[in-house]
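Below: the structure, in structure tokens.
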């Protein structure tokens, strides 16, 4: 295992004795998860709680002619059967658009379908009973009469005049289109020695969180307050949306998020069935629990990717890349998701293609179309795997065409490490990236030349191994440019409150959330380091809109960079306040004092002066002994949002080493390497595990994961046995290394790392497969790369 | 068919007597009747391994067994293994290696790993990957889990000498 890390630059406030920054320390509170004592929403029970089961459409597109629930209502344990029409009295519909995505359109979506269903799995009725099992029994007795309608399933023909329009009021099936033209693209192609074109196909896949989506909604009419217990990445966003559509004030809604069994972007959205659950609680005046079963998860958790992208690259014989051009098409299901919209992924693809490279000549078109399949939206590394696979695939194909090594063409075209700050052809701004340093480190870690020699040796014996390399950029620390400017009430700032308790320990409330990434740990590490308090004395509270500052939550690789900086700034203020009090008690000046290992000490000789525990005792219980005029403030709150750059871009590079069995088409992953630059590293182990987990999700997309629909819009593999995800037996060991270029936008200097692994893994695998198949002249530009695709490319089937 | 059936068994060493519907599976029985919520439900058809528990010393998928089938059996869940201290070293290795993120797969993963460690003193990384290949983890990418199990095996061999 390589845990290589460049030495971090000195950070005054963090570079202190006993600092936890840059150190591997175990996450707090793992015991409860390891002992089966976690608090997941699916474990929750409340007095008078009832369970809801949604009856879902078996058709991809149909008119609802009649719903007869009379027999179901007579079943044991049934509390209510509620249709979309009935629920519409409690909750208003929504339209998933944002104003900065110009032209984006969608149709009103209801919590439960009213007269028409638009995908297989859309809810048509809610059955509420005293247990999930009894609700399922009753659901079988609800008789729905449908009139099946023509379906739009193939995104490639969704815009054809002959194709039915899903939402007549919208005029056509085009949800969003973006055109981009930078530099002199035609001239650049005319000046290229070679032009390479390829069609890239990306399968529709999904997140498969091991704990399905789960919510308990508890409307208390006596308090006129709704408490929502939900596994969500963005509690304040849920609060805002629930209040808006239930006709409540935000102060009437509390969102509590305890342990979450996986999220990956699946749990950052607002789903119709979750909205229905909130509304049912209000309607029925009791707690209602909804936990998706696995079939429902596959049919209703957002899907992602599903892009067809035509790509084109022009290259000089000396390896200079002259221009990139793409034409991307993606199908998003019948509605743009709410409130983040389903146009973000295509928009990201346009933003990110060609991003690591020097050329300024770039033309792009992206079209987003409606279809009668499950909704599609943002999942881990939104748009990145598409952009990276297209860019890196084209770069490798260009290198192959001119007979250049994949490393050499990258060295020639990656933006120089001393060229920053600079911009990309799509208008992105890069503060400081390290493509060349990262590539150099990667080649050293993988021993590139030795691997090439081994590959050549094995080829002589008929063993076909491949090396694939993929450079990438990653969007992290998003500012208001992501959602706020488009009108969505999704906060880009985060807040942290820290206070010294009466025994000298620290309570820390943060608006970022925890789904296992380590939000709690990084907050405690930062606060402990700045304050001079040991981590076991820092308690972090998160995931509760009643008990944390207002903020965005944990998504888009923003927790450490934004929430971490807020924690740092809050801790600095508290530290100053503590030292002011200590100085008054000790008849010293604050500048003479420091806090180390839970005690105030002399700055000069480190001699202990007063323990924080004793300071707290005096402040809280004997303030009468303090000098006159001193009012201690042992609590401080600070917020942070990036303002200089819309996004803090990170970069990195991945490599895959694999073997293709040309007889069976099976691919064996042998090893994977990642070098990535997320700026200041707070906890190397947590960063590495984010990278590894992200890589494996990318490897799933590369080789296994695909939601397979038939032509009538039926999802044919909506279960874990037929939908393949990476298992331990098929996954390689993954070595991770780092280059460290802190962002100057914050004192902490941290950028995000949550999506880097997913961004480039599939591109590295695809390039490695094509490298392995080079002797056969076979090129594969479709994922997942199943044995069937390999054998087809080899002309064997 | 729909009348409750009485069962009697031991769960984590405690005697349990209950009346259950014949269709109730063991995972739901543990979670909903005994409130042992450490046994997680991920797929409900025996694929993901989140509900792995030990029945009479063999690990099984609690979602594939009916509660009425465990009559007279001894069932160990993650709560029992934790309280007895049987896997405290394995849990410590998971902590040190950050071999869990969201933690949802972890009880089942620990059950399966301990099963391997009881059978095999010196498993290779491939052996570990193979034995855990029925347990989904969506967060970690498995590498850290393999490291933690390997480290536990090494430590147990060391202390057995």
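The values are calculated or read from the model by the stated rules, or taken from the named source; none is laboratory data. Because the structure is predicted, anything quoted here is derived from the model rather than measured. Every residue, glycine among them, receives a Cβ derived from its backbone with ideal geometry; neighbour counts consider all protein chains shown.
Of note:
- Checking every residue in the range A:536-555 against the condition of being surrounded by 22 or more Cβ atoms within 10 Å (Cβ to Cβ) and either assigned to a helix (DSSP H, G or I) or in the same structural domain as residue A:748 (by TED's automatic domain parsing) (or both) gives zero matches.
- Within the range B:107-127, tally of residues that are under 20 Å from residue A:696 (Cα atoms) and free of Cβ contacts under 8 Å to residues at least 24 places away in the same chain: 2
- Of the residues A:683, A:688, the single one that is over 30 Å from residue A:354 (Cβ atoms), in contact (Cβ under 8 Å) with a residue 24 or more places away in the chain and within 14 Å of another protein chain (Cβ to nearest Cβ) is A:683.
- Some residue of the range A:662-674 being over 30 Å from residue A:767 (Cα atoms), within 14 Å of chain B (Cβ to nearest Cβ), in contact (Cβ under 8 Å) with a residue 60 or more places away in the chain and buried (at least 16 other Cβ atoms within 10 Å of the Cβ): no
- Test result for residue A:575, touching a helix residue (DSSP H, G or I) at 6+ places or on another chain (Cβ under 8 Å) and either closer than 22 Å to residue A:615 by Cβ or surrounded by 24 or more Cβ atoms within 10 Å (Cβ to Cβ) (or both): yes
- Within the range A:38-52, the only residue that satisfies the criterion of being within 13 Å of chain B (Cβ to nearest Cβ), part of a strand (DSSP E or B) and farther than 11 Å from residue A:229 by Cα is A:51.
- Selected residue (criterion: surrounded by the most Cβ atoms within 10 Å (Cβ to Cβ)) from residues of the range A:113-135 that are in contact with a helix residue (DSSP H, G or I) (Cβ under 8 Å, 6 or more places away or on another chain) and in a strand (DSSP E or B): A:126
- For residue A:714, the conditions (1) within 26 Å of residue A:333 (Cβ to Cβ); (2) at the interface with chain B (Cβ under 10 Å from one of its Cβ atoms); (3) out of contact with any strand residue (DSSP E or B) (no Cβ under 8 Å at 6 or more places or on another chain) are fulfilled apart from (2).
- Looking only at the range A:245-264, residues that are buried (at least 24 other Cβ atoms within 10 Å of the Cβ) and within 8 Å of another protein chain (Cβ to nearest Cβ) come to 5 in all.
- Test: residue in the range A:327-334 that is surrounded by fewer than 24 Cβ atoms within 10 Å (Cβ to Cβ), not in a loop (DSSP other than H, G, I, E, B) and not assigned by TED's automatic domain parsing to the domain that holds residue A:722: yes
- Of all residues in the range A:141-158 being part of a loop (DSSP other than H, G, I, E, B) and over 30 Å from the mean Cα position of the chain (by Cα), the one that is surrounded by the fewest Cβ atoms within 10 Å (Cβ to Cβ): A:150
- Selection from the range A:716-726 of residues that are within 18 Å of residue A:783 (Cα to Cα) and buried (at least 21 other Cβ atoms within 10 Å of the Cβ): A:723, A:725, A:726
- One residue stands out in the range A:160-202 among those that are out of contact with any strand residue (DSSP E or B) (no Cβ under 8 Å at 6 or more places or on another chain) and outside any loop (DSSP other than H, G, I, E, B): the one that is nearest to residue A:399 (Cα to Cα), namely A:190.
- Residue within the range A:276-290 that is at pLDDT 95 or above, within 14 Å of chain B (Cβ to nearest Cβ) and farther than 24 Å from residue A:517 by Cβ present: yes
- Criterion violated by residue A:32 - all others in (1) in a loop (DSSP other than H, G, I, E, B); (2) within 14 Å of chain B (Cβ to nearest Cβ) satisfied: (1)
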